[in-house]
1. Within 10 Å of each candidate Cβ there may be at most 12 other Cβ atoms; applying that plus a DSSP loop requirement, which trypsin sites (Lys or Arg not before Pro) in region 1-59 survive?
2. Can you pull out the GluC sites (Glu not before Pro) in region 102-148 whose DSSP state is coil and whose Cβ has at most 12 other Cβ atoms within 10 Å?
3. Using the Cα centre as the reference, give the magnitude of the dipole from point charges on the C-beta atoms of region 1-150 (Lys, Arg: +1; Asp, Glu: -1; all else neutral), rounded to the nearest 20 debye.
4. Under a GNM of the chain (C-alpha, springs under 10 Å), which listed residue has the highest mean-square fluctuation: VAL154, VAL86, VAL58?
5. With the other protein chains left in place, how much accessible area per residue, in square angstrom, belongs to the chain at a 1.4 angstrom probe?
6. Among (1) 58; (2) 41; (3) 45, which is the computed percent of Cα pairs over 21 Å apart?
7. How much of MET142 can a 1.4 Å solvent probe reach, expressed as accessible area in Å² and rounded to 10?
8. Under 12 Å from the 7 Å Cα→Cβ point of GLN51, by amide nitrogen: which residues of region 139-158?
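The values are calculated or read from the model by the stated rules, or taken from the named source; none is laboratory data. Keep in mind that what you see is a predicted model, and the values were worked out from it rather than measured. Here Cβ is always computed from backbone atoms with ideal geometry, including for glycine, and neighbour counts include all displayed protein chains. We work out accessible area using only protein heavy atoms, side chains counted, and drop any ligands, DNA or RNA first. Shrake-Rupley method; radii C 1.70, N 1.55, O 1.52, S 1.80 Å.
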Amino acid sequence: MDNKVIIKFYQDTYREQIAELIVNIQRNEYQIPISQEDQPDLANIREFYQQGNGNFWVALHGDKVVGTIALLDIGNEQTALRKMFVASDYRGKTYQTAQLLLQEALQWAEEHQIRQIYLGTTEQFKAAHRFYEKNEFVPVTMDQLPEKFPVMQVDTRFYCRNYQAVMT
């Protein structure tokens, strides 16, 4: 198998692998006491994320899900970036999985005329903070979040990426 990771839209055939990947990273790498049952969106990805200007993508290495990312439509031409997870063996420069996933989501946002993408993360995801900042996300305070932004209980840091409106 080569080093090529491909990005695809979510399909139900990936549901179990997605849940396993996400919960494993949350619990075993970051000791966040969360289960699959605590995340009902994982059981209804199509209904939860693939609505309006939202979508969900998987990174695949062969048939194996090695990463995920989602945009949740929160109205007013804004989305929340959610479920950004990459298996530890697929992080970094070799596979560039995180960058490929984010590029796909950013391209989608641009094509769907999203004005802002917001995200929440936890204090311990230091590499994620650097990654988002490198990709033009700027820190924002909780009171700067849109009213419909879904703040997760574990989220303590927030970011926003703005798109400039193009006048023709």
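1. Working: sites: LYS4, LYS8, ARG15, ARG27, ARG46; in loops: LYS4.
The qualifying sites are LYS4.
2. Working: sites: GLU104, GLU110, GLU111, GLU123, GLU133, GLU136, GLU147; in loops: GLU123, GLU136, GLU147.
Passing sites in region 102-148 are GLU123, GLU147.
3. Working: 15 positive and 21 negative charges, 84 e Å.
Once rounded to the nearest 20, the dipole reads 400 debye.
4. VAL154
5. Numbers: 9490 Å² over 168 residues.
Here the residues of the chain average 56 Å² of exposed surface.
6. (3)
7. About 110 Å², rounded to the nearest 10.
8. In region 139-158, the label zone of GLN51 (backbone N under 12 Å from the point 7 Å along Cα→Cβ) covers no residue.
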